[in-house]
Amino acid sequence: MKTEHQTTHPTNCLYSPHNNRTKLFRIVALCGAALVAGIVTYGCSTNEKHDQHATPPPPPMTALPPALPAPASEEAKLAWFKDAKFGLFIHWGLYSIPAGDWNGKRVPGIGEWIMHNAPIPVTQYEQLAKQFDPEQFDAEKWVQMAEDSGMKYIVITSKHHDGFAMYHSHVSPYNIYDATPFHRDPIRELAEACARHHMKFGFYYSQSQDWHEPGGMGNTNDFGPDAIKDTDGAYDKYLREKAEPQVAELLQNYGPVCLIWFDTARMMNVNGRGEAFMDLVHKYQPACLIDGRLGVAGDYVSTGDNTIPNESQNGKYWETPATVNHTWGFRKDDTDWKSPGDIVFKLVDIVSKGGNYLLNVGPTSRGVVPQECQSNLLSVGRWLKSYGEVVYGAGPSPFGEEFGQFVKTKDHNGKEVFLARNDWRCTTKPGKLYFTLFNIPRDGMIDLPDFKNEITRAYIVGEPQTPVLIDRTNDVRVAHVTRNGPNAIAYPICLEISGDKVEK
Ligand code: JFZ
C-alpha cells in the first residue's frame, strides 16, 4: 500500500494524490476526537498494522500547549536559552539503518551523509523507509534521559539533508508516518513528552539541501549541478512547495517550538529565500529562536561543529554544536564516546566563555541511544545535579588568563597558535565566583587570579558548611583544597565577594 510513492520518481513526490488519503484520515481523526471527548488515538490503520508487526501501539495523543507569545525584546527572547546552557541534539533518520555501511562496505564520513558519500541513488535510498520500524522508540525515555543528563532543551532532526521527514508531514509522503511500517509520528510523541517534562523542544530542518528532491541542493549525482537548480527555478519551486510548507507545519502542529536549527545555508542569501523562513518563524512562533545557519542573521551564532572558541566572545550569543563520538547520525563502528569528565570540562569551558553546549546523540534504527553513550551522559547529569549552579544561568569569566595564550609558533595559515590551559574555569553570578577545578596540584594550592574585591566566604559548591581556606602568599591569594575533592570529575568551589562584579 505504501510502496507506490517510494518507487515513484521524486519529481512526483510533492503534493501527491496521497494527500487526499491524509486529509480523509484527518477528518476521521477529528470525528473520533469529538467522540472520545478530545482524546484522539492514532486511528484504525494502527490495528491493521499491528496484525503484521511487533511494534507496540503508540501512546494516545494528548493536547499540546499553544505557541508562546512574542517576547518583549530580543534579550527577553534569548533569556531561556542563556539560562539553559546545555541542550540535547538528536540526529535520527533513515541513515541509522545502514549505520555507516553500504553493500557490505564501510563508507567513511559522518553517518547521516551516507547517501551522499557512498553515493546511494535516490531510488535505492528511499527503499530504506520500508525497513524503518524503530520498535524500541519511547519518547518518554529519550526526554527522561535528557532531563537526567541535565539538559534543558532538545533539538531533533525533523528533516536532514536526505529529505526524509521524521514527522507526519502532509506536504510530502516521504515521511516516517506515511512511508514506513512504523506508521507513527515520533516528533509528535516527543513534543508531548517534552510538554510533560517542561523540556524545551526545537527542530533541526535542512532547508537548503534536500537530496530527495530534484530542486533541492546537494544531490548532484541524481539531479545535476546545484548552480542550474539555483537559476532555472527548480530550487525556488522546492523551497515554495516543500521546505517552506514543511517548516510551517512544524511551527503549527507541534506546540511551542523553542528554536529552529537551519543548516548549510547554500544559495540562501538571495531572492529573499532566507527571509521567507524567518517570516514563517516570526508569524507562527514569535518566541522561537533561529540559529546561525539559515543564511540570514539568526538570533545567535552557531560555531563550527565541535568548535569551542579559545576565548570569551563579544557580540552575539553563541552555541557549540558537538558530537558525543565522531558522527551525528548513528554509525555502528563509532563507539569512541567522550567521557563524562571531558563533557563536563567542555560544558564549563563553554559557559565560562559565554555560550551554550548542544551535544548530539545518534539513536539506532531500533530507536535507542547506545547504552554506553547514555551512561556517560547520565554521569554528567549526576555531576550537574550536585553542581548545576556553576552552569545554569551563570555568566562568563571576568578573567581570561585561565584559557591560555597565543604563542609565537605559527600554523600553516601564518596564524599564531593558541596554547590552551585547562586547569580551571570561572563562571559567575552576582556576588559569586565559581571556580571549577580540573587539575589539583599535589599541595592543593590554587593560585587565584588577581582582583580587588574582598572574599567574604569560600566553600565547596552545594556545601556552604564546608569552608575552603583562602590565604595570601607573596601577594597572591591562594585557595587550599585537597586532592580528594568532593567529586572525581571536577572540584567546584564558590567564592562570595564584596560587590556584584569583579573589580580588577
Ligand atoms: C552540518 C550537517 O551537514 C551535518 O550533517 C550535521 O547535521 C551538522 C550538525 O551540521 O554540517 C556542518 C555545517 C556547518 C559547519 C560544519 C558542519 N560549519 O559551519 O563549520
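The values are calculated or read from the model by the stated rules, or taken from the named source; none is laboratory data. Just so you know, these numbers come straight off a predicted model, no measurement behind them. With ideal geometry, Cβ positions are generated from the backbone for all residues, glycine too; neighbour counts draw on all protein chains shown.
When the range 387-422 is filtered for residues that are under 14 Å from Leu347 (Cα atoms), out of contact with any Asp or Glu (no Cβ under 7 Å at 6 or more places or on another chain) and surrounded by 14 or more Cβ atoms within 10 Å (Cβ to Cβ), the ones remaining, listed by number, are Tyr387, Gly388, Glu389, Val390, Val391, Ala394, Gly395, Pro396, Ser397. In the set (1) among the aromatic types (Phe, Trp, Tyr); (2) outside any loop (DSSP other than H, G, I, E, B); (3) under 16 Å from Phe262 (Cα atoms), the condition left unmet by Tyr235 is number (3). Cβ separations smaller than 6 Å between residues 6+ apart or across chains give no pair from the range 150-163 residues that are under 17 Å from Pro98 (Cα atoms) and at pLDDT below 95 to residues that are more than 15 Å from the ligand (Cβ to nearest atom) and not in a strand (DSSP E or B). Scanning the range 269-310 for residues that are within 16 Å of the ligand (Cβ to nearest atom) and β-branched (Val, Ile, Thr) returns Ile290, Val296, Val301, Thr303, Thr307, Ile308. Just to verify a result, which residue in the range 229-265, among those that are buried (at least 18 other Cβ atoms within 10 Å of the Cβ) and among the hydroxyl-bearing types (Ser, Thr, Tyr), is farthest from the ligand (Cβ to nearest atom)? Selected residue: Tyr254.
Per the listing Leu94, Leu190, the residue uniquely of a type in the set (A, V, I, L, M), crowded, with 23+ Cβ neighbours inside 10 Å and under 17 Å from the mean Cα position of the chain (by Cα) is Leu190. Beta carbons closer than 6 Å, at least 6 apart along the sequence or on distinct chains, never pair a first residue in the range 293-312 that is farther than 28 Å from Pro398 by Cβ and of a type in the set (S, T, N, Q) with a second that is within 13 Å of the ligand (Cβ to nearest atom) and in a loop (DSSP other than H, G, I, E, B).
Scanning the range 70-128 for residues that are of a type in the set (D, E, K, R), closer than 27 Å to Ile350 by Cβ and in contact (Cβ under 8 Å) with a residue 60 or more places away in the chain yields Glu74, Lys77, Lys82, Asp83, Lys85, Glu112.
Across the range 466-486, the number of residues qualifying as under 15 Å from Gly444 (Cβ atoms), part of a loop (DSSP other than H, G, I, E, B) and polar (S, T, N, Q) comes to 2.
Among all residues of the range 224-231, there is at least one that is more than 23 Å from Ile90 (Cβ to Cβ) and in contact with a strand residue (DSSP E or B) (Cβ under 6 Å, 6 or more places away or on another chain).
Taking the range 121-135 as the range and being closer than 20 Å to Gly367 by Cβ and of a type in the set (A, V, I, L, M) as the test, the residues that pass are Leu128, Ala129.
Pairs linking a residue in the range 426-441 that is more than 16 Å from Val478 (Cβ to Cβ) to a residue that is in a loop (DSSP other than H, G, I, E, B) and of a type in the set (S, T, N, Q), with Cβ atoms under 8 Å and 6 or more positions apart or on different chains, are Thr427/Ser397; Thr428/Ser397; Phe438/Asn422. If I filter the range 200-212 for residues that are closer than 23 Å to Pro60 by Cβ and either among the aliphatic types (A, V, I, L, M) or more than 16 Å from the ligand (Cβ to nearest atom) (or both), do I get at least one hit? Checked against the condition, which is being closer than 23 Å to Pro60 by Cβ and either among the aliphatic types (A, V, I, L, M) or more than 16 Å from the ligand (Cβ to nearest atom) (or both), the range 200-212 yields at least one hit. When Met217 is tested against (1) buried (at least 24 other Cβ atoms within 10 Å of the Cβ); (2) more than 27 Å from Val296 (Cα to Cα), only condition (2) is not met.
From the list Ile154, Ile176, the one residue that fits, being of a type outside the set (Lys, Arg) and within 16 Å of the ligand (Cβ to nearest atom), is Ile154. Residues in the range 113-126 include none that are more than 18 Å from Pro98 (Cβ to Cβ) and in contact with a Phe, Trp or Tyr (Cβ under 7 Å, 6 or more places away or on another chain). Considering only the range 252-292, state which residues are of a type in the set (Lys, Arg), modelled with pLDDT of 90 or more and under 26 Å from Glu112 (Cα atoms). Within the range 252-292, Arg273 is the sole residue that qualifies.
Any idea which residue in the range 312-331 is nearest to Leu250 (Cα to Cα), counting only those that are more than 13 Å from the ligand (Cβ to nearest atom) and surrounded by 15 or more Cβ atoms within 10 Å (Cβ to Cβ)? Among those residues, the one meeting the criterion is Tyr317.
The lone criterion from (1) in contact with a helix residue (DSSP H, G or I) (Cβ under 9 Å, 6 or more places away or on another chain); (2) closer than 26 Å to Asp299 by Cβ; (3) of a type in the set (A, V, I, L, M); (4) more than 16 Å from the ligand (Cβ to nearest atom) left unmet by Ala129 is number (2). Residue count for the range 99-117, restricted to those that are more than 22 Å from the chain's Cα centre (by Cα) and either under 27 Å from Tyr153 (Cβ atoms) or away from the ligand (no atom under 15 Å from the Cβ) (or both): 6. Counting the residues of the range 300-310 that are closer than 20 Å to Val344 by Cβ and either touching a Lys or Arg at 6+ places or on another chain (Cβ under 8 Å) or surrounded by 17 or more Cβ atoms within 10 Å (Cβ to Cβ) (or both) gives 3. Applying the condition of being touching a residue at least 12 places away in the same chain (Cβ under 8 Å) and over 22 Å from Gly367 (Cβ atoms) to the range 332-342 and asking which residue is farthest from the ligand (Cβ to nearest atom) yields Gly341.
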